[in-house]
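The values are calculated or read from the model by the stated rules, or taken from the named source; none is laboratory data. Remember, it's a predicted structure, so these values are computed and weren't measured experimentally. FYI the Cβ positions are ideal-geometry reconstructions off the backbone, even for glycines, and counts take in every protein chain you see.
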């Protein structure tokens, strides 16, 4: 139980891990802009780049990679995490960078991982945003368990959706193994179900829990209590069409049905060309473009995080269906040209053809998600 860090109520630091099953979905973009947003709101904030081996948070914030980072903490002695703090040009915001210059630091042993986690709680800040690497390894999952509401970034693309499901699945299995760590019978139940799934049997976490309950009901009850507190907050990036909504809703539904894990939508970031411009400029968009829909939506995510984390009773704060309804009425791409030449006959036919292809692609994704009934 000690590994499930969000059950520790002693720490005053509000840790916000940000993860994704797949790279390139906008995780670091969200981390940097959310950190700047919290700093502007007067919150003493630290953002740390835990995408070890592929770190680029410093680049997005416009800071040269000339400082010691997490790699130094992993590979060298007598270095403390607080010694790695870097002042940024943004109000109330400090950075701890990752390391791409030190080879081999992407492979963190469990003991080093525990030491890093312990060091995080020693930092002097109100909010700590942890920009995690992509994937679903223990390195990612253990840091997600630092909070009862980790953020997960996903796009409506099939690879992102399926990898997000894998991340959620590995998170649930990690919880099960942590709970049953010292009970060989219960652990064997989990291993047995994993083998059955590999062999093609259709099983869900509910099936595993029922079997564990027959071995020792304590673990099953503990798992249910923990999962009830663990509410992943989903940020959907690069949304373009109403059909994309159906993909994300289906993913959320499948994760709950198969994994017993509830996911809340905390924000939607529509596809917008100004994002690429801000990344190329190496300046977070929230710091210079108050009129952008991206800035508005990131600010909204920041407000919800503050509200959620600082409430004495936050169990009723849920964001889901309403987010999609709001998106349906929003501007999809404010940078899109609006001249009449867009609507000539040839352009219109091309647009219809493109939309038909996109609809077929989305139908294919829904079919995959619907037919993929195993855990």
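Miscellaneous remarks
- Subset tally (residues that are touching a helix residue (DSSP H, G or I) at 6+ places or on another chain (Cβ under 8 Å) and more than 25 Å from residue 287 (Cβ to Cβ)) for the stretch 69-81: 6
- Criterion: part of a helix (DSSP H, G or I), modelled with pLDDT of 90 or more and surrounded by fewer than 17 Cβ atoms within 10 Å (Cβ to Cβ) - qualifying residue of 166, 160: 166
- Residue within the stretch 86-96 that is crowded, with 21+ Cβ neighbours inside 10 Å, part of a helix (DSSP H, G or I) and free of Cβ contacts under 8 Å to residues at least 60 places away in the same chain present: no
- Qualifying residue in the stretch 160-176 (condition: in contact (Cβ under 8 Å) with a residue 40 or more places away in the chain, more than 13 Å from the chain's Cα centre (by Cα) and more than 24 Å from residue 211 (Cβ to Cβ)): yes
- Restricting attention to the stretch 283-293 and to residues that are surrounded by fewer than 22 Cβ atoms within 10 Å (Cβ to Cβ) and touching a helix residue (DSSP H, G or I) at 6+ places or on another chain (Cβ under 6 Å), the residue that is nearest to residue 32 (Cα to Cα) turns out to be 287.
- The listed residues are 233, 203, and the only one of them that is assigned to a strand (DSSP E or B) and surrounded by 15 or more Cβ atoms within 10 Å (Cβ to Cβ) turns out to be 233.
- Residues that are out of contact with any helix residue (DSSP H, G or I) (no Cβ under 9 Å at 6 or more places or on another chain) and at pLDDT 90 or above, drawn from the stretch 45-68: 58
- Out of 112, 118, 124, sole residue that is assigned to a loop (DSSP other than H, G, I, E, B) and either modelled with pLDDT of 90 or more or over 30 Å from residue 271 (Cβ atoms) (or both): 124
- Pairs with Cβ under 8 Å, 6+ apart, first in the stretch 245-270 and without any contact (Cβ under 8 Å) to a residue 24 or more places away in the chain, second buried (at least 21 other Cβ atoms within 10 Å of the Cβ): 256/263
- Residue check for residue 41: within 27 Å of residue 148 (Cα to Cα), surrounded by 24 or more Cβ atoms within 10 Å (Cβ to Cβ) and modelled with pLDDT of 90 or more: no
- Boolean, residue 22 is in a loop (DSSP other than H, G, I, E, B), within 21 Å of residue 152 (Cα to Cα) and touching a strand residue (DSSP E or B) at 6+ places or on another chain (Cβ under 9 Å): yes
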